[in-house]
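Only one structure is covered here, and it is reproduced in the block below.
The numbers here are math on the coordinates, done by the rules we state, and not lab data. Just so it is clear, the model here is predicted, and its values are computed rather than measured. In this analysis, Cβ positions are derived from the backbone assuming ideal geometry, glycine residues included, and neighbour counts consider all displayed protein chains.
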Amino acid sequence: MDRKVAIVGYKQTKYSEQNENPRERMTYELVKSLFQDLKITRDDVDTFIISCSDFQDGRTISECYMIPWIGAYMKDVSKVDSDSANAVLYAMMRILSGNYNTALVVSWAMGGSEFRSPRVMEYELDPIYERPGRLINEITAAALQAQAYMAKSKLTEEQLASIAVKNLRNGARNSLALRKKANATEKDVLASRALSLPLRELHAYTPADGACVMLLASEEKAKELTKNPVWIKGVGFCQDTYYLGERDLVKMDSLQKAAKAAYKMAGITDPARKIGVAELSTTYVSQEPIFAEAMGLIPKNSGPAAASKGWMEIEGKIPVNPSGGPQAANPLTVGGLIRIAEASSQLRGEAGEHQVKKAPKLALAHGQIGMAAQHNVVFVLGN
Amino acid sequence: MAEHKIVDSRVGLTFMYNYRVGESLDRYLDGLKSKKILGVMCPECERVLVPPRSMCGKCNTKTKKWVTLKPVGTLKNFTVSHVEIEQGEIKDREKPIIIGQVKLEGADSLLTARIEGISPKDVKTGLKVKAVFKDTTEGTLQDLDHFEPVK
């Protein structure tokens, strides 16, 4: 890249089942507090990229109601109706074009109170091939993926539960998390409600209300705005076919390709050694070893070893989701942006209670959308 | 948690989209009506796709050659599902069901279907299964009711 793009600041809400404010006020407060921190006004933002979902907001072109609240009145605005990692990608591209020096990414969801995710699940399905059959949905797709991985790698149910326990404990150290279970045990996980086996309630993400905002800037502008920029070193994105029966749910070609592209751009050949921390959009914990393998963070079929030896714990050799990940809170569409903010705060040493011990030089952040992670976006970040 | 006033902004629409099925599924449904499972072959990669698609995503090519598959195959993957999504809620099923991914003989993609005739604790991948059709078929996806173990 000729031009460099940095993350100069970000803010997250506390995640909850019901935010004290509606989406307008919630997002306004967040944008304002970011502006105050960076000592800027909306005049300093060249372009706004929004990520939200019409379906979840219950309005068509749902960002249009939010323009004044986020400071975008009469400004350059565009929207991504998908996971917010795509909005960061879009914002970054606008800066790379040379026409913009700053871009504000804004994403919100009221997935805890107004519109919980099962409501949208049936609308995710192919209306012709799958909706009438009522067999495939987000949960059963993730369960098939988990089962295929467990059959291949010999990961046990106890080991799968231990990954959930790790994330629930990490969440308890994250002041913004909604689901916190400092004393969770494998037994609790295995006794939680059976969804579609091997997946249970405590393996799944936690729907939440919440928002996240992030300011990106060109190199010159970033250095003006902060002493602590986080550089986007590499990015890759890829999308598999929709149909589960035509995909290798364990190999995850689309994630593998996205990660390869991001590493190539960042000049990394050995991600397992170079990446110090990863924040992954694992909507179900079974995806943690699957994703980590597809991205080359751990060797193939080493999920069982990773789980029993604690490789992905905060103190482990490749900490994954020290924030607790989507198990701690997952306002849909905001997920990818949260992962990028969390990875950035690890690089800056600002993650507080869930800060990884060995200061990482490079971090990986991942966003995904679609059943069993059809579409993947990978960012490599560095300071 | 504080109580917040909410607004009832329902519009009173039921979302009925009249989706058209397209030529491949049209022919597949006709096949099911006569208790046959049809697949389609990509002329470039020669994969046989079931359910059939009008084009192969991998090769970006129109699929043309139709094949009638034997209604038998192997269970490649499965989940024992205790819940279903009902009107936007995750509800417990009365009895768990087995949802399988079946590789029919001669097919390259996996067909998702209900597996019956075996208990959730005995089900295993590698199981040989056969298709069971409804007694009276109507040319819908539900005509292929489930798969069960080959005795």
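Things worth noting here:
- For the range B:22-149, the relative contact order is 25 percent, taking Cα pairs closer than 8 Å that sit 6 or more residues apart in sequence and dividing their mean separation by the residue count.
- For chain A, the longest principal axis of the alpha carbon atoms and the long axis of helix A:253-266 meet at an angle near 40°.
- Size of charge dipole - the range B:19-126 - debye, nearest 20, with Cβ of Lys, Arg +1 and Asp, Glu -1, no other charges: 400 debye
- Lysine pair count for the range A:232-382 [Cα-Cα under 15 Å; pairs on different chains or 8 or more apart]: 15
- Among the listed pairs A:LYS4/A:LYS32; B:LYS95/B:LYS124; B:LYS33/B:LYS121, those with a Cα-Cα distance over 30 Å are B:LYS33/B:LYS121.
- Charged-residue dipole, Cβ positions (Lys, Arg, Asp, Glu), the protein assembly as shown about Cα centre, Debye nearest 20: 1420 debye
- Selection from A:ALA266, A:GLN239, A:ALA363, by position along the positive dipole direction of the range A:232-382 (Cβ): A:ALA266
- Packing, as the average of other Cβ atoms within 10 Å across residues, places the peptides A:137-144, A:220-227, A:339-346, A:190-197 in the order A:339-346, A:137-144, A:190-197, A:220-227, highest first.
- Tilt relative to chain B, helix B:22-33 - C-alpha long axis, 0 to 90 degrees, to 10: 80 degrees
- In this rough spin-label picture, where each label sits 7 Å from Cα along the Cβ direction, the B:GLU3-A:ARG59 distance is 2.7 nm.
- For the range B:51-65, putting each phi into the Karplus relation 6.51 cos²θ - 1.76 cosθ + 1.60 with θ = phi - 60° gives couplings of x, x, 10, 6, 8, 9, x, 5, 9, 6, 10, 5, 8, 10, 7 Hz, in residue order, rounded to whole numbers and with x for Gly and Pro.
- Simple spin-label estimate for A:ARG134 and B:GLU94 in nanometres, 7 Å along Cα-Cβ: 1.2 nm
- Likely footprinting exposure, B:GLU84, A:GLU63, fewest C-beta neighbours within 10 Å first: B:GLU84, A:GLU63
- Degrees, to the nearest 10: A:85-96 long Cα axis against longest axis of chain A: 40 degrees
- Helical contribution to [θ] at 222 nm, DSSP H n ≥ 4, -39,500 (n - 2.57), averaged over chain A, rounded to 500: -10000 deg cm²/dmol
- Candidate cross-link partners of B:LYS35 among the lysines, defined by an alpha-carbon separation under 17 Å and a same-chain spacing of 8 or more, comprise B:LYS70, B:LYS130, B:LYS134.
- Point-charge dipole on Cβ atoms (K/R +1, D/E -1) for the range A:122-275, about Cα centre, debye to 20: 740 debye
- Among B:VAL132, B:VAL80, B:VAL11, the largest mean-square fluctuation in a Gaussian network model of chain B, built with springs joining Cα atoms closer than 10 Å, belongs to B:VAL11.
- Were the residues from B:LYS58 through B:LYS33 laid out at 0.36 nm apart, the gain over their Cα-Cα distance would be 6.1 nm.
- Per-residue ellipticity at 222 nm computed for chain B from its helices equals -2500 deg cm²/dmol, with DSSP H segments shorter than 4 residues left out and the rest contributing -39,500 (n - 2.57).
- Working note: Karplus 6.51/-1.76/1.60 with θ = phi - 60° gives the range A:110-126 the couplings 10, x, x, 10, 7, 8, 7, 4, x, 4, 9, 4, 6, 7, 6, 7, 4 Hz, where Gly and Pro are set to x.
- Antiparallel %, DSSP beta bridges [both residues in chain A], to 5: 75 percent
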